[in-house]
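As structure tokens, the structure follows; a few thoughts come after it.
What follows draws every value from the coordinates through simple rules; no lab data is involved. Keep in mind that this is a model prediction, so the values were computed, not measured. All Cβ positions, glycine included, derive from the backbone under ideal geometry; neighbour counts span all protein chains shown.
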Amino acid sequence: MKIKINLLHILFVMLILGLSACQSSTVTTGGLETTDIGTDIKINGGSYKEISVNELLSMMEKKDFTLVNVHIPFEGDLPKTDLSLAYDSIGQNLDQLGGDQNAKIVLYCKSDRMSTIAAEELVKLGYTNIWNLDGGMVAWEQAGQSIEK
């Protein structure tokens, strides 16, 4: 009897450990699902997320966002790019982003300087789900990924 109880105890502990190892970093708030990736960058008026190349690659597996190249002049696109909008006139091209200020938008440029400016502008304009590729196309290529010319 004692052996059966110990075996059940071991199985219970293994089950608990297994469940905790499988926990997802997905959080649902207000009906919106967000993942716990990226770094929150707080600015006046809100925040945006800065993501790494590996995080963007992971997000691309289940692409649920608009990928926007804001670099000028044009020096190529990441795969699956949806739009090219100049960083310094993004506020005048909001119609191309659609009307939903809660839609997930991922920005990038060559180094991340221009995309940071664009991310800050969109946040100031009321956009709430902005993501920026840290290091831009330079980091993308350094990670062994290709740029479409």
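Add +1 for every Lys or Arg and -1 for every Asp or Glu among the other residues with Cβ under 14 Å from the Cβ of ASP40, and state the total. Provide the component values of the computation, followed by the final result.
Values: positive: LYS42, LYS49; negative: ASP36, GLU50, GLU55, GLU120, ASP134.
Summing Lys/Arg as +1 and Asp/Glu as -1 gives -3.
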Rounded to whole Hz, the Karplus (6.51, -1.76, 1.60) HN-Hα couplings of segment 70-87, x for glycine and proline: 10, 6, 10, x, 4, 10, x, 10, 6, x, 6, 5, 9, 9, 10, 10, 4, 4
Residues ASP134, ASP77 arranged by fewest to most Cβ contacts within 10 Å: ASP77, ASP134
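If the only charges are +1 at each Lys and Arg Cβ and -1 at each Asp and Glu Cβ, what is the size of the charge dipole of segment 27-142 around the Cα centre, to the nearest 20 debye? Mind dumping the intermediate values first?
Values: 9 positive and 18 negative charges, 19 e Å.
With Lys and Arg at +1 and Asp and Glu at -1, about 100 debye.
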Taking TRP131, TRP140 and counting other C-beta atoms within 10 Å, the order from fewest to most: TRP140, TRP131
Vicinal HN-Hα couplings computed from phi for segment 135-140 (Karplus, 6.51 cos²θ - 1.76 cosθ + 1.60; Hz; Gly/Pro x): x, x, 5, 4, 5, 4
